[in-house]
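Input: a single structure, listed below in structure tokens.
The values are calculated or read from the model by the stated rules, or taken from the named source; none is laboratory data. From a predicted model like this one, the values you see are computed outputs, not experimental measurements. In this analysis, Cβ positions are derived from the backbone assuming ideal geometry, glycine residues included, and neighbour counts consider all displayed protein chains.
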Amino acid sequence: MDDIQKKISFDDLHIPGLPDTAAQIVAALQDSFCSVQKLEELICRDPALTAEVLKIVNAPLYASGKSVKTVAETIMFIGLGNLVSLVSIAALTNECMKSTIDKDIIRHLLAVSSAATQLAEQADAVKVRREVAVVAGLLHDVGKVVLYTSLPEEYARIRDEVGRSGRPFAGVEQEMLGFNHCTAGVLLARRWHFPIVYQHALEHHHDEPISEDTLSEADALCYVIRAADKMVLDAGIGAGTSTERDLPKLLKVLDIGQPAYERISKNIASMKNLSV
Ligand SMILES: [Fe+2]
Ligand SMILES: [Fe+2]
């Protein structure tokens with residue numbers, strides 16, 4: 001482990017630029033007359049990206065029996081304010097699917113998106129919009145993708161150590177690299193100008209303190225992601241064990257009852273065999 005730490009510095013991370021289609025959507029949205037049809041055309045020019053957008057946006061609906069069938073429906077479902085983030089993560093996961101990346105990472109992102117969406121719907125005391133939970137779940141561990149693409153050998157050693165020991169992923173990353181996927185993820189989110197609520201969730205979803213003060217949307221979203229991540233890792237979807245030690249307090253501040261948490265857990269367990 002010491003050998004890795006000597007060689008790696010934070011500057012070794014390759015943070016890619018905003019994917020082309022996402023950049024085109026940013027430009028199109030500058031025009032106040034931009035239509036859903038125009039945005040749909042931009043996305044549909046790339047059939048592989050279109051398929052990936054539809055795949056990831058449908059993951060949260062997996063257990064509900066509902067589905068989103070077209071890009072236009074996707075835009076309505078997710079909202080214009082979240083479209084760039086959704087298309088960006090779709091472009092990134094689409095690239096990953098062509099690589100040798102451990103596909104369990106992608107399955108984990110899809111399952112956390114689903115769990116976060118269902119938990120947000122139960123969190124009556126706080127306001128976490130469903131579409132924001134969808135995207136935050138898809139994004140939350142994007143730092144692992146950055147690590148995989150920047151440092152493939154080191155990433156493989158981290159994954160092997162996590163697989164061998166069952167320890168939390170972030171802890172092994174910290175020990176081997178001196179930083180973890182939260183830090184790598186927020187670098188990407190800043191470069192891609194993602195909304196602050198997403199940056200906050202990416203950076204803090206493995207933090208320990210839980211505030212019982214009035215929650216901002218960013219705090220509430222981060223807590224929803226923390227609970228969703230634990231639920232998904234406990235279901236065996238993703239590498240390593242959860243770092244979350246205070247689920248009861250998280251559920252209390254979110255005002256989510258244990259029966260609801262357990263019901264959603266059962267839905268999520270069915271995603272273990274989801275093809276990605
Ligand atoms: Fe994480
Ligand atoms: Fe995670």
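Per-residue answers, yes or no, for (1) more than 19 Å from LEU233 (Cα to Cα); (2) in a loop (DSSP other than H, G, I, E, B); (3) of a type outside the set (A, V, I, L, M):
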residue	(1), (2), (3)
ALA120	no, no, no
ALA125	yes, yes, no
TYR148	yes, no, yes
VAL172	no, no, no
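For every residue, the table says whether it meets (1) modelled with pLDDT of 95 or more; (2) within 16 Å of ligand 2 (Cβ to nearest atom); (3) among the acidic types (Asp, Glu); (4) in a helix (DSSP H, G or I).
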{"residue": "LEU86", "(1), (2), (3), (4)": "yes, no, no, yes"}
{"residue": "CYS96", "(1), (2), (3), (4)": "no, yes, no, yes"}
{"residue": "ALA111", "(1), (2), (3), (4)": "yes, yes, no, yes"}
{"residue": "GLY137", "(1), (2), (3), (4)": "yes, yes, no, yes"}
{"residue": "ALA156", "(1), (2), (3), (4)": "no, no, no, yes"}
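When each of THR100, THR50 is tested for being more than 16 Å from ligand 2 (Cβ to nearest atom) and in contact with a Cys (Cβ under 7 Å, 6 or more places away or on another chain), the lone residue that passes is THR50. Here are ALA63, ALA116, ALA90, ALA72: which of them is within 16 Å of ligand 2 (Cβ to nearest atom) and either touching a residue at least 24 places away in the same chain (Cβ under 8 Å) or in a helix (DSSP H, G or I) (or both)? Sole residue among the options that is within 16 Å of ligand 2 (Cβ to nearest atom) and either touching a residue at least 24 places away in the same chain (Cβ under 8 Å) or in a helix (DSSP H, G or I) (or both): ALA116.
Output yes when any residue across the range 134-153 is hydroxyl-bearing (Ser, Thr, Tyr) and within 12 Å of the chain's Cα centre (by Cα), and no when none is.
Within the range 134-153, none of the residues are hydroxyl-bearing (Ser, Thr, Tyr) and within 12 Å of the chain's Cα centre (by Cα).
Of the conditions (1) buried (at least 19 other Cβ atoms within 10 Å of the Cβ); (2) of a type outside the set (Val, Ile, Thr); (3) more than 14 Å from ligand 1 (Cβ to nearest atom), GLU212 satisfies every one except a single condition; which number is it? In the conditions (1) buried (at least 19 other Cβ atoms within 10 Å of the Cβ); (2) of a type outside the set (Val, Ile, Thr); (3) more than 14 Å from ligand 1 (Cβ to nearest atom), GLU212 misses (1) alone.
Considering the range 219-243, the residues that are surrounded by fewer than 18 Cβ atoms within 10 Å (Cβ to Cβ) and either within 22 Å of VAL132 (Cα to Cα) or without any contact (Cβ under 8 Å) to a residue 40 or more places away in the chain (or both) include one that is nearest to ligand 1 (Cβ to nearest atom), namely ASP234.
Condition test on VAL142, is it within 12 Å of ligand 1 (Cβ to nearest atom) and under 23 Å from CYS96 (Cα atoms)? Answer is yes for this residue. Of all residues in the range 199-209, which are in a loop (DSSP other than H, G, I, E, B) and either within 10 Å of ligand 1 (Cβ to nearest atom) or buried (at least 20 other Cβ atoms within 10 Å of the Cβ) (or both)? Within the range 199-209, HIS205, HIS206 meet the criteria.
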